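The values are calculated or read from the model by the stated rules, or taken from the named source; none is laboratory data. Just so it is clear, the structure is predicted and the values come from calculations on it, not from any experiment. Side chains included, ligands, DNA and RNA excluded: accessible areas come from the protein's heavy atoms. Shrake-Rupley method; radii C 1.70, N 1.55, O 1.52, S 1.80 Å.
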Amino acid sequence: MENISAPIKFYRFEKSGHSHKVQLFLSLLGLPTENIDVDLLGGEQRTPAFLKMNPFGTVPVIQDGAVTVADSHAILVYLALTYADETWYPRDPQQAAQVQRWLSVSAGMLAFGPCAARLITVFGVEFNPQEVIARAHALLSVMEREVSERPFLTGDVPTIADVANYAYVAHAPEGNVSLADYPHVRAWLARIEALPGFVPMPGTAIGLVA
């Protein structure tokens, strides 16, 4: 692990769960951070200056000295390997594979399930509500079984897998995805929220929380 001197510049959009993954991990690690809000609605992510940092034109992005990293999962891996102890991102191949499995879930079923459902209600994105809500419940059913057997997604301690999947599950009700039938998932969320340094993502009074 390295010690950090200058704050990490963190380019974010507060209502983005992808941004919150990074914000949460930075806070859990206690790293000094300079938050820089990107005006997505105004198109700031398409300016030449931003596209130089991330050609895909998306948040989050961090600048850690001379190092620039884009994409929430890439940033989690970078921060874990640079500043965290090995519990957050194990070096053991089998344990690392389990973490990667859930990072893939976060980029796949989570993004196209609970995240997509929330995009409909919060941002007016045109997805099929029935399809994405059904996909969300399929994911939550699997998560319910998995976290009924252990406190966190991959074992007894939290990893970046938990950080990556937290926000869009916690805010699933904003997309009309109820968590009522998933007591073990709700307990898992509560365990993450009890971690020292936890910071919430701003909620929106819409969907089931309206």
One point scatterer per Cα, no solvent, Debye formula: log10 I(q)/I(0) for segment 21-110 at q = 0.11, 0.15, 0.16, 0.19 Å⁻¹ comes out as -0.36, -0.66, -0.74, -0.98
Sequence order, segment 149-164: Karplus ³J(HN,Hα) from phi using 6.51 cos²θ - 1.76 cosθ + 1.60, θ = phi - 60°, Hz rounded, Gly and Pro as x, gives 9, 7, x, 10, 4, 10, x, 7, 10, x, 10, 5, 4, 5, 4, 5
Note on segment 140-210: contact order normalised by length, alpha-carbon pairs under 8 Å, 6 or more apart, percent, works out to 36
Amide H neighbours of Leu31 at under 5 Å, excluding residues fewer than 5 places away on the same chain, with H built from the backbone geometry, are none
Semi-axes of the chain from the Cα gyration tensor (sqrt of 5 times each eigenvalue, largest first, whole Å) come to 26, 23, 14
Which of Ala74, Ala170, Ala117 fluctuates most in a GNM of the chain (C-alpha springs under 10 Å)? That residue is Ala74
Heads up, segment 51-172 by the C-alpha gyration tensor (a ≥ b ≥ c square roots of eigenvalues; a/c under 1.5 rounded, else a/b over b/c prolate, else oblate) looks oblate
Residue by residue through segment 75-83, the couplings from Karplus 6.51 cos²θ - 1.76 cosθ + 1.60 with θ = phi - 60°, in Hz, x for Gly and Pro, are 5, 4, 5, 4, 5, 5, 6, 8, 10
Excluding ligands, DNA and RNA, the carbon-plus-sulfur percentage of the accessible area of the chain with a 1.4 Å probe reads 55
For the chain, dividing by residue count, accessible area per residue (probe 1.4 Å) in Å² works out to 47
For Tyr89, the accessible surface traced by a 1.4 Å probe with all protein chains present amounts, in square angstrom to the nearest 10, to 40
Computed over all unlike Cα pairs, the Kirkwood hydrodynamic radius of segment 128-179 in Å stands at 11.8
Per segment 8-67, sqrt(5λ) over the Cα gyration tensor eigenvalues, sorted largest first, in Å, gives 19, 14, 8
Taking max minus min of the Cα coordinates of segment 103-191 on each principal axis, largest first, gives extents in Å of 39, 24, 18
Counting only protein heavy atoms and leaving out ligands, DNA and RNA, the solvent-accessible surface of Tyr166 at a 1.4 Å probe, in Å² to the nearest 10, equals 10
